[in-house]
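Here's the structure we're looking at; comments come further down.
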Amino acid sequence: MDRIVVPELPLAYADLASAGEELTSRLVPQVLTGLGDLLGIKPPPISKKKRSAIRRRVQQYLLASRGYLLGSQLVDEELSPPLARYAFREGEIRQSLMLGASAEHGEYDACVILLRRLQEQAARPDGSSLPGYAEARDAVDALASEVATVLETRDIRPNLNGWYQLKSANKVMHFSQRIGPVVRHWRRQEPKRLTQGLVVQLLHEYRDSAAIFELLIGRLIGVWLIANGQAVEWHDLDKQGLASHLNRASSGRVGPHLQVLGRGIERGVRNALAHGHPIMNRRNGKVEFHDRGGLAAEWSAAEFYRNTRRLSAFVFAMLAFDSQFQLVHYRRSIEFLASQAIAAGAKPREIELKTRSGRARRTTPASRGRSSRITKRRISRSR
């Protein structure tokens with residue numbers, strides 16, 4: 001069971017919804033009574049609608065004044081500096097998530113809310129039947145962990161974020177946004193015989209996935225190079241073709257994880273589909289792929305299906321890099337701040353990172369929709 005230990009938030013950063021309700025119930029009658037005495041009239045009853053409006057304004061005031069309240073508690077030594085740092089970071093995250101004074105699934109701490117959301121986005125599919133997904137995802141997760149470790153000691157964000165300026169980034173995001181509905185129409189069973197319709201369907205899927213694979217493997221190579229202290233010109237790297245990327249990956253010069261990811265595609269088949277169409281050989285029931293005048297590969301219907309699904313699985317796994325990186329990066333920074341606050345005397349809370357309903361939204365690549373999409377989100381630093 002995945003759990004995290006965080007400190008109890010100080011009073012200035014406590015549950016503002018409850019605090020607003022309590023202040024409203026206490027202040028409104030006193031204010032109305034005081035105005036009535038001042039004006040010599042009986043104050044009119046306040047409606048539920050007006051009371052709700054007042055409560056929201058009180059919550060907004062409390063939210064805006066938390067920095068001052070936190071500072072005053074720190075000056076008066078009612079608060080330890082480590083807890084103040086954690087609370088201040090919680091406030092930054094709450095503002096970035098536009099949570100206002102609200103809670104989510106009964107949890108008010110924005111650090112916990114953020115980790116829950118990131119965990120849902122980065123969750124692996126349950127019981128995925130896509131061959132190769134687990135292998136590729138292990139490599140992607142390991143790479144994300146390595147990059148997050150580098151970010152703890154060296155600010156590489158400007159170089160990493162340079163990729164978002166490329167047209168390739170827009171192509172990847174567009175693909176991730178439209179792939180969900182397309183995947184739902186994929187066949188789920190391995191074919192037993194070769195048909196024209198099957199070949200057309202699989203060649204389109206392989207061709208589309210190969211185009212995105214080329215962009216993603218190039219991007220992850222650039223990420224690895226930056227994390228290992230090498231300068232990267234994203235525009236130059238983007239101009240390099242699949243052959244260059246695969247040569248780098250297969251050689252092991254860019255780490256073992258990219259070596260694994262480089263095995264997700266058959267370069268000869270990709271070239272054959274990029275420059276022409278496969279040939280159906282009905283005599284032996286196989287599909288022939290010709291590259292540069294020679295036979296690059298010969299697949300049966302089942303092999304064509306499995307290899308196409310394997311390529312798609314690698315693409316889905318690489319699309320999860322951003323979500324996994326953000327999860328590792330933010331979790332480490334939040335756990336670091338939380339451990340310091342607890343060591344300084346803050347009361348600890350052990351929180352399960354699943355929603356209170358007991359279900360974290362775990363989906364398959366075919367139905368992930370928003371969760372599997374890469375978003376144009378710059379990499380930020382939490383500590």
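Within segment 156-203, the residues that satisfy the criterion of being among the aromatic types (Phe, Trp, Tyr) and at pLDDT 90 or above are 163, 164.
Of the set (1) more than 30 Å from residue 74 (Cα to Cα); (2) in contact with a Pro (Cβ under 9 Å, 6 or more places away or on another chain); (3) at pLDDT 75 or above, all apply to residue 5 but (1). The set of residues in segment 165-182 being closer than 20 Å to residue 315 by Cβ and surrounded by fewer than 17 Cβ atoms within 10 Å (Cβ to Cβ) consists of 167, 170, 171, 173, 174, 177, 178, 181, 182. Within segment 271-295, residues that are within 22 Å of residue 214 (Cα to Cα) have Cβ atoms under 6 Å from residues that are among the hydrophobic types (A, V, I, L, M, F, W, C) and assigned to a strand (DSSP E or B) in these pairs: 272/289; 272/296; 278/287; 278/289; 289/296; 289/297, counting only partners at least 6 apart in sequence or on another chain. Going by the conditions given, is residue 178 over 15 Å from residue 220 (Cα atoms), within 18 Å of the chain's Cα centre (by Cα) and assigned by TED's automatic domain parsing to the domain that holds residue 300? It is true that residue 178 is over 15 Å from residue 220 (Cα atoms), within 18 Å of the chain's Cα centre (by Cα) and assigned by TED's automatic domain parsing to the domain that holds residue 300. For residue 189, are the conditions met, namely being surrounded by fewer than 17 Cβ atoms within 10 Å (Cβ to Cβ) and in contact (Cβ under 8 Å) with a residue 12 or more places away in the chain? So residue 189 does not fit the description; no.
Given the criterion farther than 30 Å from residue 156 by Cα, free of Cβ contacts under 8 Å to residues at least 12 places away in the same chain and in contact with an Asp or Glu (Cβ under 9 Å, 6 or more places away or on another chain), identify the matching residue among 182, 200.
Just one listed residue meets the conditions, 182.
Could you tell me whether segment 207-222 includes any residue that is buried (at least 19 other Cβ atoms within 10 Å of the Cβ) and in a loop (DSSP other than H, G, I, E, B)? No, because not a single residue in segment 207-222 is buried (at least 19 other Cβ atoms within 10 Å of the Cβ) and in a loop (DSSP other than H, G, I, E, B).
The values are calculated or read from the model by the stated rules, or taken from the named source; none is laboratory data. Given the structure is predicted, the values throughout are model-derived calculations rather than measurements. Using ideal geometry, Cβ is built from the backbone for each residue, glycine included, and neighbour counts are taken over all protein chains shown.
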